[in-house]
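Remarks on the structure that follows.
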Ligand code: PDD
């Protein structure tokens with residue numbers, strides 16, 4: 001694989017970042033994951049805008065312009081021959097050559113790293129045909145989940161809890177209400193109405209969420225943005241999640257409770273279809 005690090009395209013074995021980098025020592029870093037279908041970037045603009053917002057919220061300098069970022073994405077897709085897959089981008093506050101809680105001075109350049117992940121079958125996914133099983137866990141993450149930081153230890157532990165329970169993913173609950181999945185936004189459908197949590201600092205403002213809610217409205221589907229409990233979701237006709245890495249993923253079981261007939265619901269399937277059609 002050819003990867004990108006701080007202005008250079010290199011074989012992955014030759015790419016290097018300092019051990020003092022604040023991304024490594026302090027999780028002082030933000031990221032984006034953009035999907036590639038048919039060799040084309042999906043919603044690059046949305047991801048670029050959210051990256052800028054994450055950087056601004058953390059008072060971190062942008063490593064390059066949006067145009068340069070697009071160029072790097074395109075070049076990596078081409079160099080690695082990606083037809084279907086993901087591009088991971090991370091920007092860190094860089095390194096002043098030591099470990100300090102105080103941010104380094106402004107002349108320290110941010111670190112920027114990008115790499116591709118080749119994923120044939122991302123669109124025509126067996127996992128999506130089957131649907132996902134989720135468990136619910138407490139949400140103990142920090143309070144600024146709208147900033148896409150690399151603090152992914154708890155989401156990672158949540159995935160392991162799900163895996164150990166024989167499920168695929170976990171939905172997180174705070175103050176009695178579902179926030180989101182470990183790496184996706186969460187929805188349920190009851191009597192034809194799609195329900196999802198409204199945007200706030202409590203959840204990531206999903207790029208796929210925005211696109212899917214627009215498509216749902218265009219398809220005359222009813223959408224309500226409000227807080228919801230896991231019990232409501234368990235009593236739903238169907239449920240699903242959205243993310244750049246899995247698009248629309250039907251959910252067929254929550255905490256061992258089967259939804260509907262235990263297969264992907266019609267609305268989730270339809271939205272996945274519309275999303276992929278529009279993207280391809
Ligand atoms: N995760 N919520 C969380 C906590 C996420 O980590 C993500 C994305 C989403 C969905 O956002 P989007 O539609 O913009 O991908 C919601 C990425 C894919 C990841 O961590 O791999």
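The numbers here are math on the coordinates, done by the rules we state, and not lab data. These numbers were taken from a predicted model, which means no experiment stands behind them. Quick reminder, even Gly has a Cβ in these numbers, built from the backbone with ideal geometry, and neighbours come from all protein chains shown.
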Checklist entry - Where in the stretch 84-104 does the amide nitrogen come within less than 15 Å of the point 7 Å from the Cα of residue 25, taken along Cα to Cβ? => result 92-104
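Go ahead and estimate [θ] at 222 nm for the chain from helices alone: -39,500 (n - 2.57) per DSSP H run with n ≥ 4, summed, over the residue count, rounded to 500.
Value at 222 nm, helices only, nearest 500: -8500 deg cm²/dmol.
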Item to check | Relative contact order of the chain, pairs being alpha-carbon contacts under 8 Å that are 6 or more residues apart, as % | outcome: 18
Next on the checklist: Test of understanding: in a Gaussian network model of the chain with alpha carbons linked when under 10 Å, which of 227, 41, 89 would top the mean-square fluctuation ranking?
Outcome noted: 227
Checklist entry - How far apart, in nm, are the 7 Å Cα→Cβ label points at residue 62 and residue 219? => result 3.4
Checklist entry - Is the shape of the stretch 7-103 rounded, prolate or oblate, going by the alpha carbon gyration tensor and its root eigenvalues a ≥ b ≥ c, with a/c under 1.5 for rounded and a/b larger than b/c for prolate? => result oblate
Checklist entry - Under a plain spin-label model, where a point goes 7 Å from the Cα along Cα-to-Cβ, how far apart in nm are residue 270 and residue 14? => result 5.3
Checklist entry - Considering the zone a paramagnetic label at residue 79 would reach in this model (a point 7 Å from Cα along the Cα-to-Cβ line), which residues of the stretch 1-35 have amide N under 16 Å from it? => result 1-17
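Using a Förster distance of 35 angstrom, determine the FRET efficiency expected from the C-beta separation of residue 277 and residue 232, and round it to 0.05.
Calculated transfer efficiency: 0.70.
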Checklist outcome for this item: Largest fluctuation, 39, 85, 131 only, Gaussian network model of the chain with Cα springs under 10 angstrom, belongs to 39
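I need the calculated FRET efficiency for the pair residue 263 and residue 52, taking r as the beta carbon distance and R₀ as 41 Å, to the nearest 0.05. Please report the intermediate quantities before stating the final value.
Details: r = 40 Å, r/R0 = 0.98.
In this case the efficiency is close to 0.55.
Just want to confirm a number: the relative contact order over the stretch 126-279, from Cα pairs under 8 angstrom separated by 6+ residues, in percent.
26
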Item to check | Projected label distance in nm at residue 146 and residue 130, using a 7 Å step from Cα toward the beta-carbon | outcome: 3.7
Checklist outcome for this item: Most fluctuating of 220, 90, 258 in the GNM of the chain (C-alpha, under 10 Å) is 220
